[in-house]
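Scroll down for the structure; my scribbles are underneath it.
The values are calculated or read from the model by the stated rules, or taken from the named source; none is laboratory data. All values derive from a computational prediction rather than experimental measurement. Cβ sites come from the backbone with ideal geometry, for glycine too, and all protein chains shown count toward neighbours. SASA here: full protein model, heavy atoms, side chains in, ligands and nucleic acids out. Shrake-Rupley method; radii C 1.70, N 1.55, O 1.52, S 1.80 Å.
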Amino acid sequence: MRTVISDSQLAYERKIMQEVAELNAARPTSPKAMVDTYGCQQNEADSEKIRGMLREMGYEFTSDESEADVVVMNTCAVREHAEQRVYGNVGALTHTKKANPNQKIVICGCMAQQQSVADKLRESYRHVDIVFGPHALWRFPEFLKKVLTVGGRVFEITPSDGAIAEGIPQVRDGSVKAWLSVMYGCNNFCTYCIVPYVRGRERSRTPEDILAEARGLVEAGYKDITLLGQNVNSYGKDLGTGVDFADILREVCAIPGDFIVRFMTSHPKDATEKLFKTMAENPKCAHHIHLPFQSGSDRILRAMNRRYDRAKYLDLVHKAREYMPDVVLTSDVIVGFPGETEEDFADTLSLVEEVEYDALFTFIYSKRPGTPAAEYPDPATREMKQMRFDLLVKLQNMISERKHADYVGRTVRVLIDGVDGEYLTSRTNGGRLVRVKGGERMIGEFADVKITGSNTWALYGELV
Ligand code: SAH
Ligand code: SF4
Ligand code: F3S
């Protein structure tokens, strides 16, 4: 079910933002907030909304928690390691709060949506003032006002299928690249994954809302727009209007202006030929597909509930390359899923060799309590998994290095997006990192670059 937060509910939150702004305006100096983001691009996009609400409420931003009046940690639950980092950093905030007892500490995001985490924060992290999950993001002003004026603590993690809240203010991170969510949530329930439990069901924004935001971004000068969803290929199924993701992609590309459109992530079970055709036909669409395969073994793919097999996956890769011979392919893969044998892992290696990805995001399986796979027998030891992981990374590094070396001598068009030490950083249409020498005023411009060098992770070039 697609639930939309009503205008009157949103107006109520806007009124509260104004009230908090008035409270803050009475202070001798503007209060400061720090927002720390863990996890994926969805969380980055949510943090831009948190900053937007904070700015409306009169906050300026700092990256130093010791001078922050409000500290927000927007957390990720996808792997145990991400959660451990958050607990470590929340623990460290006892010191900043001792120095500044009025500091308000907010833990939100996917990790906070889990009951066990909220309980632990309630019992053992008593300096935390506000805890809420992704479903309650739009109510942040109300929670903050309560702890500022009434005091006490707020916990809001009611389980929900999720809703859509439009019109939340945003403070974007950069001026060149922007995230644009087309849908929220996930219905796929891969057996290892926590995301469907904390992000709710799939729900699509309307084409009108998406296109209005996209036009706004282009007018504001953004040059690289990434359409976001856990599985963009199921965009529109809940709208019942027949508009699918390829249609949205085409319409965003049709907005006048010089910019690039990307998207993440595509689930192989519903990637279509229509999508590849649309990508090939629209020059503004990056020739890059992030198509997570997770495992090369059909047995493991079944146990993961991925609903495609190796043959179907490889068929998609071939189709994508037929439409776009220059397509950049990247993927996610999990090593050491419960029950993965040496043979299963050999299938993963052979798939990587066969596809030859440009880059790969490799993860060791992390047990997520509450997911089906957490109950599966898992005889492989941590050492065995680490050895498999190292082998896979070594193989991919060789492939990435070779693919990058093929660029040397070619001239490619890049978008310059930042500085890193003595280099400007830029991205090719397919999203590969190119370091070039040049002046900072070029940030936000497209340029032709002759590739002169390469390694596993990046290309090096000279402005033409
Ligand atoms: N919706 C995206 C993935 C989001 S999570 C998709 O399906 O493509 C990003 C990646 O984290 C996943 O693709 C998977 O490779 C990895 N991941 C998710 N749960 C994990 C777990 N329990 N252990 C290890 N890696 C995991
Ligand atoms: Fe997780 Fe699978 Fe949904 Fe991706 S598609 S978010 S891996 S359940
Ligand atoms: Fe993203 Fe982590 Fe949540 S990967 S959706 S922030 S669990």
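State whether the residues of the range 68-85 include one that is touching a residue at least 60 places away in the same chain (Cβ under 8 Å), open to solvent by 40 Å² or more (accessible area, probe 1.4 Å) and in contact with a strand residue (DSSP E or B) (Cβ under 8 Å, 6 or more places away or on another chain).
Looking through the range 68-85, at least one residue is touching a residue at least 60 places away in the same chain (Cβ under 8 Å), open to solvent by 40 Å² or more (accessible area, probe 1.4 Å) and in contact with a strand residue (DSSP E or B) (Cβ under 8 Å, 6 or more places away or on another chain).
Mind checking whether some residue in the range 176-190 is among the charged types (D, E, K, R) and either within 16 Å of ligand 3 (Cβ to nearest atom) or assigned by TED's automatic domain parsing to the domain that holds residue 82 (or both)? Reasoning before the result, please.
Step one: list which residues in the range 176-190 are among the charged types (D, E, K, R), which gives 177.
From the residues that got through so far, the ones that are either within 16 Å of ligand 3 (Cβ to nearest atom) or assigned by TED's automatic domain parsing to the domain that holds residue 82 (or both) too are none.
The answer is no; no qualifying residue exists.
Examine the range 49-63 for a residue that is closer than 17 Å to residue 173 by Cα, touching a Leu at 6+ places or on another chain (Cβ under 6 Å) and open to solvent by 50 Å² or more (accessible area, probe 1.4 Å), and state whether such a residue exists. Break it down into steps so the answer makes sense when it comes.
At the first step, the residues of the range 49-63 found to be closer than 17 Å to residue 173 by Cα are 49-56, 59-63.
Subsequent filtering for residues that are touching a Leu at 6+ places or on another chain (Cβ under 6 Å) retains none.
Checked against the condition, which is being closer than 17 Å to residue 173 by Cα, touching a Leu at 6+ places or on another chain (Cβ under 6 Å) and open to solvent by 50 Å² or more (accessible area, probe 1.4 Å), the range 49-63 yields no hits at all.
If the requirement is being within 24 Å of residue 200 (Cβ to Cβ) and either in contact with a Lys or Arg (Cβ under 9 Å, 6 or more places away or on another chain) or in the same structural domain as residue 148 (by TED's automatic domain parsing) (or both), which of these qualifies: 25, 33, 77, 68?
Numbers: 25 fails: within 24 Å of residue 200 (Cβ to Cβ); 33 fails: within 24 Å of residue 200 (Cβ to Cβ); 68 fails: within 24 Å of residue 200 (Cβ to Cβ).
Result: 77 is the single residue among 25, 33, 77, 68 that is within 24 Å of residue 200 (Cβ to Cβ) and either in contact with a Lys or Arg (Cβ under 9 Å, 6 or more places away or on another chain) or in the same structural domain as residue 148 (by TED's automatic domain parsing) (or both).
Inside the range 295-327, can you point out the residues that are out of contact with any helix residue (DSSP H, G or I) (no Cβ under 9 Å at 6 or more places or on another chain) and not in a helix (DSSP H, G or I)?
325, 326
Please verify whether residue 236 is on the phi > 0 side of the Ramachandran plot, outside the structural domain of residue 320 (by TED's automatic domain parsing) and open to solvent by less than 10 Å² (accessible area, probe 1.4 Å), treating the condition exactly as stated. Steps first, answer last, please.
On the way: on the phi > 0 side of the Ramachandran plot: yes; outside the structural domain of residue 320 (by TED's automatic domain parsing): yes; open to solvent by less than 10 Å² (accessible area, probe 1.4 Å): yes.
Yes; evaluated as a whole, the condition is true for this residue.
Mind counting the residues in the range 175-227 that are more than 16 Å from ligand 1 (Cβ to nearest atom) and under 16 Å from residue 134 (Cβ atoms)?
As a first pass, look at the range 175-227 and keep what is more than 16 Å from ligand 1 (Cβ to nearest atom): 175-178, 180, 205-225.
Now restrict to residues that are under 16 Å from residue 134 (Cβ atoms): 205.
Residues meeting the conditions: 1.
Please go through the range 192-206 and pick out each residue that is surrounded by fewer than 19 Cβ atoms within 10 Å (Cβ to Cβ) and of a type in the set (Ser, Thr, Tyr).
Just the residues of the range 192-206 that are surrounded by fewer than 19 Cβ atoms within 10 Å (Cβ to Cβ), to begin with: 196-197, 201, 206.
Matches in the range 192-206: 197, 206.
Restricting to the range 248-266, what's the tally of residues that are under 23 Å from residue 42 (Cβ atoms) and either open to solvent by 20 Å² or more (accessible area, probe 1.4 Å) or of a type in the set (Gly, Ala, Ser) (or both)?
5
Can you tell me which residues in the range 15-36 are polar (S, T, N, Q), in a helix (DSSP H, G or I) and either more than 18 Å from residue 147 (Cβ to Cβ) or in contact with a Pro (Cβ under 7 Å, 6 or more places away or on another chain) (or both)? Full working, then the answer.
The initial filter retains those residues of the range 15-36 that are polar (S, T, N, Q), namely 18, 24, 29-30.
In the following step, the residues that additionally are in a helix (DSSP H, G or I) were identified as 18, 24.
Of everything in the range 15-36, just one residue is polar (S, T, N, Q), in a helix (DSSP H, G or I) and either more than 18 Å from residue 147 (Cβ to Cβ) or in contact with a Pro (Cβ under 7 Å, 6 or more places away or on another chain) (or both), namely 24.
List every residue pair whose Cβ atoms lie under 8 Å apart, where the two residues are 6 or more positions apart in sequence or sit on different chains, the first residue falls within the range 313-325 and is among the hydroxyl-bearing types (Ser, Thr, Tyr), and the second residue, located anywhere, is at pLDDT 95 or above and open to solvent by less than 80 Å² (accessible area, probe 1.4 Å).
313/268; 313/291; 313/293; 313/351; 323/276; 323/279; 323/280
With the requirement that a residue be in a loop (DSSP other than H, G, I, E, B), hydrophobic (A, V, I, L, M, F, W, C) and open to solvent by 30 Å² or more (accessible area, probe 1.4 Å), what does the range 146-162 give you?
150
Somewhere in the range 168-180, is a residue under 16 Å from residue 265 (Cβ atoms) and not in a loop (DSSP other than H, G, I, E, B)? Give the steps one after another, and end with the answer.
Here is the first cut: in the range 168-180, the ones under 16 Å from residue 265 (Cβ atoms) are 179-180.
So of that shortlist, the ones also not in a loop (DSSP other than H, G, I, E, B) come out as 179-180.
Within the range 168-180, one or more residues are under 16 Å from residue 265 (Cβ atoms) and not in a loop (DSSP other than H, G, I, E, B).
Can we say residue 269 is open to solvent by 40 Å² or more (accessible area, probe 1.4 Å), outside the structural domain of residue 385 (by TED's automatic domain parsing) and either more than 24 Å from residue 209 (Cβ to Cβ) or part of a loop (DSSP other than H, G, I, E, B) (or both)?
Details: open to solvent by 40 Å² or more (accessible area, probe 1.4 Å): yes; outside the structural domain of residue 385 (by TED's automatic domain parsing): yes; either more than 24 Å from residue 209 (Cβ to Cβ) or part of a loop (DSSP other than H, G, I, E, B) (or both): yes.
When the stated conditions are applied, residue 269 passes them.
Can you tell me which of 363, 446 is open to solvent by less than 80 Å² (accessible area, probe 1.4 Å), within 16 Å of ligand 1 (Cβ to nearest atom) and in contact with a strand residue (DSSP E or B) (Cβ under 7 Å, 6 or more places away or on another chain)?
Numbers: 446 fails: within 16 Å of ligand 1 (Cβ to nearest atom).
The unique qualifying residue is 363.
A quick yes/no check of all residues on (1) away from ligand 3 (no atom under 16 Å from the Cβ); (2) loosely packed, with under 13 Cβ neighbours inside 10 Å:
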site: 332; (1), (2): no, no
site: 343; (1), (2): yes, yes
site: 351; (1), (2): yes, no
site: 369; (1), (2): no, yes
site: 414; (1), (2): yes, no
